[in-house]
Structures are given as C-alpha cells and as structure tokens.
1. Do you know which residues across region A:346-376 are under 25 Å from B:T343 (Cβ atoms) and more than 7 Å from chain B (Cβ to nearest Cβ)?
2. One residue is enough: does region B:84-99 have a residue meeting the conditions touching a residue at least 60 places away in the same chain (Cβ under 8 Å), surrounded by 23 or more Cβ atoms within 10 Å (Cβ to Cβ) and closer than 27 Å to B:A233 by Cα?
3. Would you point out the residue of region A:50-103, among those that are at pLDDT 80 or above and aromatic (F, W, Y), that is farthest from B:G256 (Cα to Cα)?
4. Hey, can you tell me all the residues within region B:497-533 that are open to solvent by 70 Å² or more (accessible area, probe 1.4 Å) and of a type in the set (A, V, I, L, M, F, W, C)?
5. Being farther than 24 Å from A:E212 by Cα and assigned to a helix (DSSP H, G or I) is the filter here; which residues of region B:286-309 pass it?
6. Between residues in region B:239-268 that are more than 7 Å from chain A (Cβ to nearest Cβ) and residues that are open to solvent by less than 50 Å² (accessible area, probe 1.4 Å) and part of a loop (DSSP other than H, G, I, E, B), which pairs lie under 6 Å by C-beta distance while being six or more apart or on different chains?
7. Would you mention how many residues in region B:299-329 are more than 10 Å from chain A (Cβ to nearest Cβ), open to solvent by 10 Å² or more (accessible area, probe 1.4 Å) and among the β-branched types (V, I, T)?
Protein chains: 2
Amino acid sequence: MELKMFILVLGLLVGSLMPLGGASGSPGSGTGQDECKKNNGDEKNGNKTTKKSFPVLSLNYENVRLPFEISLWVLLASLMKLGFHLMPRLSSIVPESCLLIVVGLLVGGLIKLVGKAPPVLESNIFFFYLLPPIILDAGYFLPIRQFTENLGTILMFAVVGTLWNAFFVGGLLYGVCQLEGTNLAGVNLLSCLLFGSVISAVDPVAVLAVFEEIHINELLHILVFGESLLNDAVTVVLYHLFEEFTNAGTITVTDGFLGIVCFLVVSLGGIVVGAIYGILAAFTSRFTSHTRVIEPLFIFVYSYMAYLSAEVFHLSGIMALIACGAVMRPYVEANISHKSHTTIKYFLKMWSSVSDTLIFIFLGVSTVAGPHEWNWIFVVATLVFCLVARVLGVIGLTFVINKFRIVKLTSKDQFIIAYGGLRGAIAFSLVYLLNPKHFPMRNMFLTAIITVIFFTVFVQGMTIRPLVDLLAVKKKQETKRSINEEIHTQFLDHLLTGIEDICGHYGHHHWKDKLNRFNKKYVKKCLIAGERSKEPQLIAFYHKMEMKQAIELVESVFPTTLDLF
Amino acid sequence: MELKMFILVLGLLVGSLMPLGGASGSPGSGTGQDECKKNNGDEKNGNKTTKKSFPVLSLNYENVRLPFEISLWVLLASLMKLGFHLMPRLSSIVPESCLLIVVGLLVGGLIKLVGKAPPVLESNIFFFYLLPPIILDAGYFLPIRQFTENLGTILMFAVVGTLWNAFFVGGLLYGVCQLEGTNLAGVNLLSCLLFGSVISAVDPVAVLAVFEEIHINELLHILVFGESLLNDAVTVVLYHLFEEFTNAGTITVTDGFLGIVCFLVVSLGGIVVGAIYGILAAFTSRFTSHTRVIEPLFIFVYSYMAYLSAEVFHLSGIMALIACGAVMRPYVEANISHKSHTTIKYFLKMWSSVSDTLIFIFLGVSTVAGPHEWNWIFVVATLVFCLVARVLGVIGLTFVINKFRIVKLTSKDQFIIAYGGLRGAIAFSLVYLLNPKHFPMRNMFLTAIITVIFFTVFVQGMTIRPLVDLLAVKKKQETKRSINEEIHTQFLDHLLTGIEDICGHYGHHHWKDKLNRFNKKYVKKCLIAGERSKEPQLIAFYHKMEMKQAIELVESVFPTTLDLF
C-alpha cells in the first residue's frame, strides 16, 4: 500500500514538474537570464491588458515561477527521501544516493518524454547553494580530536594521493588518446591532465552519503572523509592551473613553481579566511545573550560568507568552511543558548540532507539532459585507470604512512580506503564549467565523468556494505563516552604532555597543551561571554549527562513525543 | 564602549555595502536582469582572457555577487538588531522598528553620498521572500482559541472597517484634489479610492513589531493583529478592482457585483488553498518517523507553496498561510519529534525576525532612494483623513459590536485599537507595483504612503507604550496555564455545550463540540500516526509540565547553557 502511494506521489509530482522544467533549462536557478526577463517584463506589462469585465479569478504564474519551482524541487527531493525510508527492505540493500539518481533519471526521462529539455545541474547553483550546507554541516560537527590525530595520514592521501591519481590517470589517458583508431588524437596532454585531476578527487558528498549508512569505524571514516575535504585545495589548484595553461598555450618553469605557491595560497588562504570569519562569529556570539532568536543566523551567515569570500579569490571554499566551523564551534557553543544549539544542529542536518538529495536527483536529471559523446575506449580507459590509480596510490602511500603511525593501517583498512574513494557531483560541476571553445572534448569528458560517478556510487556504493560485513571491518560504537572515559582521556593527555616535557621532546602533545593554555588564558576571555568561561570542562560534561538522564527519565514514563520547547 | 563598537561595526558594514548597493539597484534580488547577464556572461567569458603567467591569486567577484550581497544585508540586519539590544536605555524608549528605519536612512544616505543609487524595496522580493516568513510565524503560532472566540469582532474591523476607511479616505482625498490651487486636478476618483484602500490596511508586520514590545493583553493583541491579517483579502480585492477599473476606464453594475463575488473568492479561496496544503503537510508528517531530520522542511515548503499557489491566482496569500499554519499545527505537533518542533519554532522566529528587520531597513533605504514628489496638501490631507477615519471607524464599529459581545470593549480598548492601527511595508509595496503609465501620480502616492508609515511607526509606535502605561491598560500575563486551569476550561466547555444542547440553542459551543468529535473520530485517524493519537489531552499536558520541571530542576543546579541536544 505504501509502495503504491509512493509511486502515485512520484507520478503526481513529476506531472506538476513537467510544465516547469523545460522553458528555462534551469529551475532553481537564480541567474537564468530568460527567467529574469520574464519576471521583469511581467511586472511592467502584466497590467496593460484591458479586459471586458473584472476578472474574479485571474492567473499570473510567471511572477511566482522561480520560488514555486524551487519549492517543487525541494518537495520532490524530500518526498523521495521520505518514500525510501518507508520501504525498509529496499533501503537496506540500495544506498539512498543510488535510489535518488534513479529518481532523477526517471524525472528527467519523463520531462524529455513530454518534449521539454530537462534541466542540468548548473555549476553556479551547485557551488553556491547546494554544496555549502553539506560542507558546513561536516565542518561544524567535524570530530576535531580524531581529525588532528590523523592529520598527517589524511594530508598524505589528500595531497600526494590526489596528485598521484591526477598525473597517473591523466598521463595514461593521454597515452591512450595517442593510439591509432581511437579518434581521440585531438585531445591534448593538458586537457587529459585537467580531466585526470578533476576525476581523481574523492567527493565529500558521495562519501558522506554512503559512509553514514554503513556505520564504519571512526578511524576509516575520518580518513576517507578527511581526504575528500582536504583534496579540494589540490583539485582547485590543478584545475585552474591546467585551465590557464590550456588557454595560454605555453608553460614555463616559473608557471610550475607558481603552481606550488598557488597550492599553498589556496589552501592556507582558505583556512585563514575561514578562521577570520570563525573568530568574528565567535566574537559576535559573545553579545547575543539578549537576542537569542537570531543566534543561529550568525553562524549560518558568517560561515556562508567565509565560503563566498574564499570563492571570490578562487581559494578553497571547502577548506574555508571547515576552518570556519571548526574555529567557531567551541566558543559559539559556550555562548549560545541550548535551544539555539538544537536549532543550528537540526537545521544544518536538514539543510545538508536536502542539498544532498537534490544533488543526486539533479545528477540523474542531468544525465538524461546532457549532450553526450560516448566513446567506449575513453570511458573504459578512464574507469580502469581510476580504479588502478586508487588501489596503487593507497597501497603505496600506506606503506610510507605506516612507518610513522603507531596504529598501523591493516590491509582491510587499505581495501576500504581504496574502495571508499567515491566520485561525485563536484567533478561533474567542474567539468561542466569548462569553456567548450577551449575544450572541444567537454561533452565526452562529461559523459566519462558521469560514467565514473555512476560506477562508484552504484557498484562500489552498493557492494561496500556487504564487503564490510564480509571482511568483518570494525564498526562504529554508538555509545557515548562515560565520565570515566572522559576523565581518563584528559588524564592521559596531561600525562603524555608531562612525559614529553621530561624527555625534552616537543611533540604533538606538547604543542596541543601550549595551544590549550593560550586558548584558556587569552582567546576564551575575548570570545566567550563573562560568567560562563569559568566552568571547568568536567563539570560541564557532568551537567550534560545529568540533563540527559533527567529527560530520559521523563520520556521513559511517557513514551511519546513532546512539544515542550 | 559598546556603543562605540556598535557605531564602528555600522560604519564598517556600510562601507562594505557601498560598492555593492549601487550597480543593480536591487541587491537581494533574484530577478535583477543586469545581474543575471553579468553572471551568465561571466561564466562563459571569464576564462577567455589569457594572462602572461599563472595568477597565484585571482579575483572574480561578479560570480558570487548575488549570494554575497544577500548575506551582507542579512548580516547588517542581524548586527543592527544585536546592537540595539546592547543599548537597553535606547531600546526601552524607541521601538526597534524606528531604529531600523533610521539605520536604513543612514545606510541609504551613505550610499547616496558615494554617488550610487540606493536600492529600493522591490515588491517581488518583499511579497515572495520577506513577507511569508513573518506571516507563517504568525499563522503557525496563532492562538486559535482567542482568535475564533473573537472572530466576529475581528471580521467586523477587518472587512467593514477597512472598507469604511478606504472609501472615507479615498472619497475625501478626491474632494481635496478637486479644490483649486492644489495642482491635483489630474488625480481621478479611482486612483484616490485605490490609494485609500491601500493606505487603510493595518499592517501585520508593523503591528507585530510594536505590539510584541509593549506586552499588551491578549484580547487587544488578537483584535488588532487579527484585523491586520484578515484585512489582506479586502485590500487585495479593492486594489485589483480599482486597478482594473482604472485600466478599463468604465465601470458597470456587473463589475461592482463581481467585486463582491471576488472578495468571497479571494478570501475563501485563500483559506481553501491554505487548508489543502495544511492537510497535505499533516498527512505527510504522519510518515516522517524514520526521517526526523527533514520534518521541519515539510512544514516550511508546504506553507510556502500554499502562499505561492494563492498568489498565482491572486488569492489572499496571507490568509492561505494563516489557514495552512492553523490547520496543520495540531496534527503536525502530534506527529513530529520534540527536536523538530524546537527547530521549527526557533527557525521560524529567527527567520521572521530577520525578515522584519530587513523590511524596516529597506523602508529607510527606499525613502532615501525613491523618486519623491512632495505635495504638502496631499500628504497632510492623507495623514489627517487616515487618523480621523480610523478613530471614527473604531468608535462606530465598536458601538455595533458591543451589542453582540459578552465582554464589552471599553473606551480604553477602543483607543488602543484605533491607536494601534499602524501602516507598513505592504502598503508601500502595493503602491510601488503600480504602473506609472496608468498612475502618473504614483511617486506622489509613494511619498504620502512613506509619510503615513513613518508617522504611524515613529509617533504612534513610540508613544503607545507610555500611553498604555498611563491608561493602565491591562497587560499580558506571562504565566503559563496550570493543570487546574486546563481542567476547568475543558470542563466549562463541556458544560456550556451541554447547556446549549438542553436549551436547543445551536451556538458557538455546540458547533465546536461537533467539530471536535468529527476531528477525533475521522480526521485524527487519517492525519496522526498510529500509536500517538490515543493519549488524552490532559495526560499530554501533564507530561509537558513534568518534562519542563525536570529540565528546570537540572538547570537550577547548573545555571549555565547546555549543548546537550
């Protein structure tokens, strides 16, 4: 009964989307030019037509077109998400991302059937409206401790790994293109390298979508997800580098050197921009005790501005968002009210979840819409090289990394890291941005990228859960830390700092302790409102647990939902 | 120190807004045509320019212009709101709305000083993006019981009162225009009536902004606020009616009759559209128990679509939103999780609060920007007629209403109702929408409207608090209802229904009881997910109180904020 209803709703929704999707080619777009013209024109001319008698019921759709269509797409996305969870058998086998792509394909196909052009995932919409919520959600709730403890490993995979992938895939593809009989002689080396660098980057959206469903252990999760976040800087630099080179035609040694400088500027610049906005947000939240209601807004606006400011200078927006979220969080949480925190948390989750859904649906729709140029050799070569490069890269890098790690990465871990390297919509959007004049093979690239995305999302995404079960990879423990654990972790931290001090070895714990002291002595005083900064961490933690127990106690007596707050 | 900092921030923000505000004339606009061109053009041409060496740091502002400027305006609005609350002495005398208009005037003046054209509050942006959150917030949290109990009074003020005001002000203004020496002979009767109908409507945004600060008793609040909500239908119909007549030139008796039909269509149609979406939302929320995270989204999207759908057919969007919120709330609250409820509540409050702030700031900016046509006679006449019409209308209508009311409206009440009739941005936006070709006096109308808005917001808004204190008008009681009160209210309801049944009198309570039974027997079964509908109201209420006490107990031990949820 539920399945039927679900299909019915899908049909109805698609039916209502159909007349909309076509005309502008970009519903959900704030920048579609013809849409603008219509709106503006309508405003001025709509009242000119003189009618015989006063119209009791008149219709004026063009005016509300843009917001109405955006709402419809969002509604479609939410209903689909809802629908999948009503079919537990299906959603336990197939990941949501796959189902959403299928929905997108269906919707796109239906729109095409009616004779309209299905909309494409516009790069501007993707980068400015759909991606930021997902990254902010990830950045704000990033498990800082695990992230910093594994930062070396993550950076290795993100920087060296992505570079290796990009040049390996790009170089070999160029080799394939030079073979006779492939009709690919027009593809030059720079385009191949550009393509390689775009397709090498592991996609945070795809990784989140799949990894959140399989509940893998925290170490593997942070390694793969951290890589997908930090490789953004590498991808951005390589992308702009090869794009510029292709436009310019010549490459000098200086350019190569500037590329390395640029990498540092893009990554560190992004982090600095993010940190500045993060500190601003923390500082602002110090004064919000009288205006609780707009507290969440400051978090959203400052973060979004960090992302946009980074994008203005072609810095890494993703790293800016991560930095902003990570920097502001401890101070903001100490300043804002409990209910604002709930609002931020649930609103970010909601927003990122819908963005995510929309991205996958639009990927499906874009597949139906796009001008495709299918080349068997190129597509198969891309797919094979991607897989080979990933496997070789992970094995090679782990060999180096394991020399420095205390907890070594096992071969199971390596397999999951290699297998979890999913590609996604960022790669698609970057290629979509390419200028067809300089890149006549753009459509072929798009087709190849979509194929790789579909392969990783469908084949890898669907088989990773059974493989995780088969290999008995350690799963995530759902329990929260007890007070005992909290005390012992802190105790061990201090102990290790003491040992390092005695040894005269300035390691990880030494600098962490220095940073903590500096934070406590100066930063907290500036960024946290007066009376709260005095409460020791342990008491705050105890308080949290106490509160939770109180609520659980009441809820156990009355096992229903409440509308208290 | 705080004041200085505040001014510093204002200066910095305005400085950063200045280069932006000018060019397009409509920052925050999704439809500005030139902005679209730039974006589209940029996307395609941005990469054409070939540079000598690889640019380590490049700048591309046009691409992020639109979202960046929207964020900046939102940030300005939030910081202003924050700033006022840091100056308790100032904000206890001057209402926030006044301060925001002043900020808008300052920002507009600064933009003008630099030689750019300040942006104007575009009607499309106002009606499609700024107004809905405020109305949804009001509609979703509307005190249903008080609203229905006073529905007759509210309707009298909203329908008859607004009609009276419109024709009184419009007619007298036409008279004034006919006087010699006023240079207003070109203003015809229909334009005057149109102007009168627009300026007669009490504005929900202005009323909320002022009344929420003075904490007036619930009866007066719901009377004035209810009027401001329900008069939307009257205003919409009169506006379109006179607009059509002006365009057509001739009026027949049929047209007048159609006007009355149209009023019914617009108001009831709006309610029906809203109710349909409300039921859809309630029905959808029945199935969200597995996807808690997107629950709030359904509420927002369905409500917004209700508003837009009503606007497509020129029905009353405000009434659609109110109906949607009121219909969905009881069922949605029973279905969704406790945290989703917090998210909805706080997010709506945040959103409406920012919209509200932006509206008043933009009113100020628009005042500086606008092409003004100042006519002493017209402006003064408008202002005087508005005040006189309001006073006469309230006195006359109360005389009639008091014959039917059990709790009579005292002369103090009448004074507050008349004095609380604030005008606001809806009137401004409606006049702004007029086509200057058919209404050559549009600029003069705009100037007069702005004057009336400023007068009501500044003079009435600032003096209403001292007057309320002086007259010792009953204030709102902040305490929540105890279980005892809850039981007695329900008991009295049943008792009165029983008495009505015995008397054979089918009154208010009889029909309410019938509706309740119908709701319990059929509607709840469809719209509320299984296990929850069984819990009696009293136990749910007891549960709520219990939960609140548990949290208060924990919080009293640790008087700090928590980041538990």
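The values are calculated or read from the model by the stated rules, or taken from the named source; none is laboratory data. Quick caveat: nothing in here was measured; it's all calculated off a predicted structure. Counting neighbours? That spans all protein chains shown, and the Cβs are built from the backbone with ideal geometry, glycine included. For accessibility, only protein heavy atoms count, side chains too; no ligands or nucleic acids. Shrake-Rupley method; radii C 1.70, N 1.55, O 1.52, S 1.80 Å.
1. Initially, region A:346-376 is screened for residues under 25 Å from B:T343 (Cβ atoms), giving A:346-361.
Those that are under 25 Å from B:T343 (Cβ atoms) and more than 7 Å from chain B (Cβ to nearest Cβ): A:L348, A:W351, A:S352, A:S355, A:D356, A:T357, A:L358, A:I359, A:F360, A:I361.
2. Yes, region B:84-99 has at least one match.
3. A:F84
4. First, the residues of region B:497-533 that are open to solvent by 70 Å² or more (accessible area, probe 1.4 Å): B:499, B:501-503, B:505-506, B:508, B:511, B:514-518, B:520-522, B:525-526, B:531.
Across region B:497-533, the qualifying residues are B:I499, B:I502, B:C503, B:W511, B:L515, B:F518, B:C526.
5. Of all residues in region B:286-309, those farther than 24 Å from A:E212 by Cα come to B:286, B:299-309.
Result: B:I299, B:F300, B:V301, B:Y302, B:S303, B:Y304, B:M305, B:A306, B:Y307, B:L308, B:S309.
6. From residues that are more than 7 Å from chain A (Cβ to nearest Cβ), the pairs are B:V266/B:L315; B:V266/B:S316; B:S267/B:S316.
7. The qualifying residues number 2.
Conditions (1) in contact (Cβ under 8 Å) with a residue 40 or more places away in the chain; (2) within 22 Å of A:F360 (Cα to Cα); (3) buried (at least 18 other Cβ atoms within 10 Å of the Cβ), marked per residue:
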position	(1), (2), (3)
A:R145	no, no, no
A:A185	no, no, no
A:V207	yes, yes, yes
A:E212	no, yes, no
